[in-house]
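To start, the structure itself, in structure tokens.
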Amino acid sequence: MPQLPDTGYTPTPEELASIEEWFAAYDAHSAKREVERMADLAVFPLNLVSDDSAGNGASAQWDRRQFVATMTQVMGDGSDDITFESVRTPVFLSPAMAVVFTDSAMTTGGRTRRLRYADVLIRRDGRWAFQTMLQGGWGDNLR
């Protein structure tokens with residue numbers, strides 16, 4: 001069996017902390033339903049990868065307008081508080097690219113929903129931004 005070269009990147013503690021800080025800000029905006037501020041943390045066009053209700057894979061690219069419109073609809077009217085409890089596993093591909101796997105519990109209106117998703121983040125001018133969202137169940141919204 002061929003041996004793969006050692007090409008992994010090991011992030012510094014500061015790089016790991018910067019990812020945690022980025023997600024803390026994103027989660028805070030999400031909890032307050034500040035969709036425009038959430039959009040400020042993205043790179044557009046934003047890639048989305050999911051599956052649909054028929055079990056087929058789906059993908060799309062959204063511009064900022066489409067992201068804001070869809071997330072505003074999905075996030076609801078703000079009458080209930082939203083809280084998140086998340087465990088994240090960042091995998092750095094380089095100092096400027098990371099894939100972050102998340103297991104999360106989102107609670108709103110007394111109902112908790114468990115989520116598993118991944119985001120591809122890129123670092124530009126010293127700041128992280130998400131460029132790709134991967135999560136099951138969104139495919140019907142990608143048409």
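Structural remarks
- Electrostatic tally near VAL100: other residues with Cβ closer than 14 Å to its Cβ, Lys and Arg +1, Asp and Glu -1, net -3.
- Separation of alpha-carbon centers, the stretch 93-117 and the stretch 39-69, rounded to whole Å: 16
- Cα-based helix-to-principal-axis angle, 64-75 vs the chain, degrees rounded to 10: 60
- Here, the stretch 78-123 yields an orientationally averaged convex hull projection of 3.8 nm² when only Cα atoms define the hull.
- Helical mean residue ellipticity (222 nm; -39500 (n - 2.57) per DSSP H run of 4+; nearest 500) of the chain: -8000 deg cm²/dmol
- With bins 10 Å wide beginning at 0, the percent of Cα pairs of the chain falling in each bin runs 11, 37, 37, 12, 3, 0.
- Anisotropy class assigned to the stretch 15-99 is oblate, per the alpha carbon gyration tensor with a/c at or over the 1.5 cut-off and a/b no larger than b/c.
- Helix 13-31 vs. the chain, principal-axis angle (Cα, 0 to 90°, nearest 10): 10
Each reported figure results from applying straightforward, stated rules to the coordinates on display, with no laboratory input. Computed from a predicted model, the values in this text were never measured in an experiment. Counting neighbours? That spans all protein chains shown, and the Cβs are built from the backbone with ideal geometry, glycine included.
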